[in-house]
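The values are calculated or read from the model by the stated rules, or taken from the named source; none is laboratory data. Only a predicted model underlies this, so the values are computations on that prediction, with no experimental measurement involved. As a convention, Cβ positions derive from the backbone with ideal geometry for all residues, glycine included, and neighbour counts pool all protein chains shown. Side chains are part of the model used for accessible areas, which takes the heavy atoms of the whole protein and leaves out ligands, DNA and RNA. Shrake-Rupley method; radii C 1.70, N 1.55, O 1.52, S 1.80 Å.
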Amino acid sequence: MTTIVGPRAFASTAARGAGRCPAELNPLLRSAIPPGPAGEALDARLLVEAPSARELLVRHVTSPVALVLGSQAAGRTERIRLGLDPARPTVERLDEHGSTWEEARPQELAGVLASALPEDPMLLAAPQLAQETGSARLGLSTSQREQVRGDLAEGASPARAFARLADLDPALREALLTTGPRVSLSWCLHDPRRRSARELWTRLWASGPRHLFRTTPVAEGDVLLIPVDPGDVLASIEAVLAHGLHVSASLPSRAGAR
C-alpha cells in the first residue's frame, strides 16, 4: 500500500501537475499550491519518480465527497481528512510537520477517525445518537447577548464576559466556559461537473465536567446547542461516514476524468 509523507501542499501541487484546476479540488481537502519553480520541481518529481503516489494524491484532493475530523485536548490538535471513494478511500493525517497520505478499506474508516479522538470517556463512549429537540436547546436571551457584546467591547475576554452573566442556565454556563476536549466533524460534497452538487455540513462537541455539548449550525448566524448523552460523537461519525460513502457511490464514475 502506497504511503506518502510530505508538506501539505503535496496533494494540490500534484493535482496542478496533472492538469487539474483549483475549482476541481474539494474545499475541505485542498491546501496552498507552492508558486514558482519549487512547485514545478515538485510536479516533475511526483510525475517521473512516483506516478502511483501522484495518482493517490490527485484522487485524494479531488474527491467529490470529503470528511474531516479535528480534535483539541490538553494543547494537542489532531486532524484527519478523508476522501470518501466507496472502493479506494484515501486518508490524510495532519501534524505540525506536514501530512501523511495512504489508502484504506471502507470498513477501516470509522476506526481511523476514532483514533484521533481525545482520551475522554464522553467522547469515546459506545455509539448512541442523540435527537435534536427544541426543548433541549440552550442559548442566551436578548439582554444577555447585549451584555456580552458590551463586555467584549470594553475589552473583557469571552470567558470573563460569560462568567459575569447573572441567572445563566447552569448547563449553558458549563457549555460556554468549559475548557475540556473539543471535536469537530465536517462533511463536504463538491462535484464541479454538477453545478448544483455542493453541500457543506459541520458539527462540534465540547466535553465539560458534567455534560457533553453538541453544536450544529442551523442557519446563517445561528446554531443549535444542546447537551447530549455520551456516545453521540462515535454515533455521528458512523452515520455521517455511512452517508458520505453512500453519496460517493451514487456519483458518476470519475474514470473519464482527466
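Summary of computed values
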{"item": "Of all residues making up segment 52-85, the number that are open to solvent by less than 60 Å² (accessible area, probe 1.4 Å) and within 18 Å of Leu28 (Cα to Cα)", "result": "23"}
{"item": "All positions within segment 110-126 that are surrounded by 16 or more Cβ atoms within 10 Å (Cβ to Cβ) and in a loop (DSSP other than H, G, I, E, B)", "result": "Ala116, Leu117, Pro118, Asp120, Met122, Leu123, Ala125"}
{"item": "Output for segment 54-73, where each listed residue is out of contact with any helix residue (DSSP H, G or I) (no Cβ under 6 Å at 6 or more places or on another chain) and in contact (Cβ under 8 Å) with a residue 24 or more places away in the chain", "result": "Leu56, Arg59, Ser63, Pro64, Ala66, Val68, Gly70, Ser71, Gln72, Ala73"}
{"item": "Segment 9-29 - residue that is at pLDDT 85 or above, open to solvent by 20 Å² or more (accessible area, probe 1.4 Å) and not hydrophobic (A, V, I, L, M, F, W, C) and, of those, nearest to Thr100 (Cα to Cα)", "result": "Pro27"}
{"item": "Test: Gly221 is surrounded by fewer than 18 Cβ atoms within 10 Å (Cβ to Cβ), modelled with pLDDT under 85 and small (Gly, Ala, Ser)", "result": "yes"}
{"item": "Pro181 closer than 30 Å to Val65 by Cα and in contact (Cβ under 8 Å) with a residue 12 or more places away in the chain", "result": "yes"}
{"item": "Pairs, first on the phi < 0 side of the Ramachandran plot in segment 76-96, second surrounded by 15 or more Cβ atoms within 10 Å (Cβ to Cβ) and at pLDDT below 90, C-beta under 7 Å, six or more apart", "result": "Leu94/Arg8"}
{"item": "Enumeration of residues in segment 71-98 that are of a type in the set (Asp, Glu) and modelled with pLDDT of 95 or more", "result": "Glu92"}
{"item": "Top-ranked residue in segment 224-249 [being farther than 20 Å from Leu28 by Cβ and not aliphatic (A, V, I, L, M); ranked as surrounded by the fewest Cβ atoms within 10 Å (Cβ to Cβ)]", "result": "Asp229"}
{"item": "Among residues of segment 87-109, those that are assigned to a helix (DSSP H, G or I), of a type in the set (A, V, I, L, M, F, W, C) and more than 18 Å from the chain's Cα centre (by Cα), counted", "result": "0"}
